[in-house]
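What follows is a single structure, written as structure tokens, with notes after it.
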Amino acid sequence: MPSQILIVLSGLPGSGKSTLADGLSRALSMPVFSGDPVEAAMWRSGLARDQTCIAAYEVAIALADQNLQLGHSVIADAVNPVEAPRTAWQRLAARHRADLKIIECVCRDETVHRQRIEARVRNIAGMPEVSWARVLARRAEYEAWTDARLVLDTSAAAPENLLAEALNYLRRS
């Protein structure tokens with residue numbers, strides 16, 4: 001792997017991206033910057049919920065930027081549903097001459113995906129669990145990626161197999 005890498009994980013809530021981000025963090029000793037804990041902290045501090053989504057991305061990007069400046073590789077874990085945040089990650093990688101690796105997690109089996117959402121407990125203080133209706137709304141606004149990336153269908157594969165596939169992808173270049 002190159003000396004510095006920015007790994008961007010993308011996908012709908014419940015697609016397995018945070019599980020993969022945690023596994024990659026442990027395997028590669030890289031920090032993870034995730035939008036949900038940042039946004040929940042903003043809510044706990046009293047910021048209005050309708051003011052925090054873009055701000056959470058900006059905070060995650062700023063934290064990743066600081067770490068890349070220090071020569072560290074980082075993992076970004078967020079839905080990244082549209083071009084604006086995707087472009088911000090691309091610019092960040094280019095600014096630091098870091099290798100950008102995108103991994104999109106999808107759960108193509110809708111029954112499995114819905115079961116995950118309805119059973120999930122993430123324990124992020126101040127953040128309610130996402131409803132299936134919210135996942136469907138996010139899916140409707142989710143734009144198709146056009147960038148080179150690894151797409152992992154997390155429907156049936158064991159997390160350790162997905163982690164191995166992601167690690168192989170990261171090592172190939």
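The values are calculated or read from the model by the stated rules, or taken from the named source; none is laboratory data. Bear in mind the structure is a predicted one, so any value in this text is a computation, not a measurement. Cβ atoms come from the backbone with ideal geometry, glycine included; neighbour counts cover every protein chain shown.
Where in the stretch 74-173 are the helices (runs of 4 or more DSSP H), entirely inside, with at least 2 residues that are of a type outside the set (S, T, N, Q), farther than 19 Å from Gln4 by Cα and modelled with pLDDT of 95 or more?
Working: elements: 83-96, 110-119, 132-141, 159-171.
By residue number, 110-119, 132-141, 159-171.
There is no residue in the stretch 108-120 that is in contact with a Leu (Cβ under 8 Å, 6 or more places away or on another chain), buried (at least 16 other Cβ atoms within 10 Å of the Cβ) and of a type in the set (D, E, K, R).
Of the residues Ser25, Ser15, the single one that is part of a helix (DSSP H, G or I), among the polar types (S, T, N, Q) and either in contact with a helix residue (DSSP H, G or I) (Cβ under 9 Å, 6 or more places away or on another chain) or surrounded by fewer than 22 Cβ atoms within 10 Å (Cβ to Cβ) (or both) is Ser25.
I'd like to verify a number: residues in the stretch 35-64 that are of a type outside the set (A, V, I, L, M), under 16 Å from the mean Cα position of the chain (by Cα) and either at pLDDT 95 or above or farther than 20 Å from Arg139 by Cβ (or both), how many? First the steps, then the outcome.
Step one: of the stretch 35-64, the residues of a type outside the set (A, V, I, L, M) are 35-37, 39, 43-46, 49-53, 57-58.
Next cut, under 16 Å from the mean Cα position of the chain (by Cα) only: 35-37, 39, 53, 57-58.
Filter once more, so that each one left must be either at pLDDT 95 or above or farther than 20 Å from Arg139 by Cβ (or both): 37, 58.
So the answer is 2.
For the stretch 43-78, residues that are polar (S, T, N, Q) and within 30 Å of Leu170 (Cα to Cα) total 4.
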